[in-house]
Amino acid sequence: MSAIKKIAVVTGASRGIGYATASLFIDKGWQVITCSREGEIGQGDRGTNWIAHIEADLTDATSVNNFIEMVNKYIDGKSISALVNNAGVSPKADNQERLGCLNGDIDAWRDVFELNFYAPLKLSRGFAAALHKGVGAIVNVTSIAGHKVHPFAGSAYSSSKAALSALTREMANEFAALDVRVNAVAPGEISTSMIQPKYEMLIPRIPLNRMGTAEDVARTIYYLCSADAEYITGTEIWVTGGQHMS
């Protein structure tokens with residue numbers, strides 16, 4: 001009899017860190033369910049281990065609830081071994097100016113927090129029973145910008161990621177009663193579609209002297225979900241090439 005494959009749920013998986021993470025879990029023999037605002041994902045055949053990609057707007061409460069219901073239907077009583085809360089948004093002004101505390105639409109802050117903070121909380125609650133059944137792990141994707149002022153990341157984004165770091169600690173404490181571990185990864189300058197040419201100026205601040213890749217982050221996420229990290233919870237791992245030390 002073949003072994004039962006573990007299931008991971010990855011949000012924001014249409015590209016970048018989310019896509020790299022889902023692909024890595026597949027390569028490691030897991031099954032995955034993904035979501036993004038886009039109905040299509042990645043390039044080419046996803047294979048049979050990619051159970052489903054669900055179009056979902058995680059800033060919308062109804063869409064979040066529908067996503068939770070659809071995932072629970074797909075797993076049909078099976079357990080979830082990993083939840084990766086990767087979906088996030090970092091709005092910019094029309095002229096690409098950094099949005100701070102004194103400029104921009106204050107209502108945009110609510111949209112940022114809905115996706116970057118409340119969605120991870122709602123999904124973690126929604127999948128708590130399945131994660132408990134799988135003695136699973138949750139990984140929240142935070143940011144270096146949640147810990148220090150960043151020249152390009154806006155104040156709403158940075159504040160939401162700082163809040164997600166704190167939420168990770170509180171979740172780790174409470175979810176431990178369910179045998180579910182909760183950790184975070186805090187990426188620095190990662191070469192994804194969010195990165196613009198002006199970010200090149202930050203490379204001299206990175207001791208490893210390069211931007212990170214989506215795969216660098218994905219490998220760290222996978223580690224935190226694997227048996228190798230079974231005694232790690234409430235931790236935030238910097239994936240910054242050392243930039244956070246400056």
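The values are calculated or read from the model by the stated rules, or taken from the named source; none is laboratory data. A quick note: this is a predicted structure, and the numbers were derived from the prediction, not measured. Neighbour counts are summed over all protein chains in view; Cβ atoms, including those assigned to glycine, are modelled from backbone coordinates with ideal geometry.
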Query raised in the report: Do you know which of the residues in region 19-28 that are under 14 Å from Thr220 (Cβ atoms) and of a type outside the set (Ser, Thr, Tyr) is surrounded by the most Cβ atoms within 10 Å (Cβ to Cβ)?
Result: Phe25
Report summary line: By my count, helices (runs of 4 or more DSSP H) wholly in region 78-183 with at least 2 residues that are without any contact (Cβ under 8 Å) to a residue 12 or more places away in the chain are 106-113, 155-175
Query - So Leu208, is it more than 14 Å from the chain's Cα centre (by Cα) and either at pLDDT 95 or above or in a loop (DSSP other than H, G, I, E, B) (or both) - result: yes
Query raised in the report: Met211 is checked against (1) farther than 22 Å from Phe117 by Cβ; (2) surrounded by fewer than 18 Cβ atoms within 10 Å (Cβ to Cβ) and fails just one. What number does that condition carry?
Result: (2)
Query - region 118-129: number of residues that are over 17 Å from Ala56 (Cβ atoms) and either among the aromatic types (Phe, Trp, Tyr) or surrounded by 18 or more Cβ atoms within 10 Å (Cβ to Cβ) (or both) - result: 1
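Look at Val84 and say whether it is aliphatic (A, V, I, L, M), surrounded by fewer than 19 Cβ atoms within 10 Å (Cβ to Cβ) and modelled with pLDDT of 95 or more.
Values: aliphatic (A, V, I, L, M): yes; surrounded by fewer than 19 Cβ atoms within 10 Å (Cβ to Cβ): no; modelled with pLDDT of 95 or more: yes.
No, not satisfied.
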Requested in this report: Determine the pairs where a residue that is among the acidic types (Asp, Glu), located within region 211-231, has a partner that is outside any helix (DSSP H, G or I) with Cβ atoms under 6 Å apart, the partner being 6 or more residues away or on another chain.
Outcome: Asp216/Val239
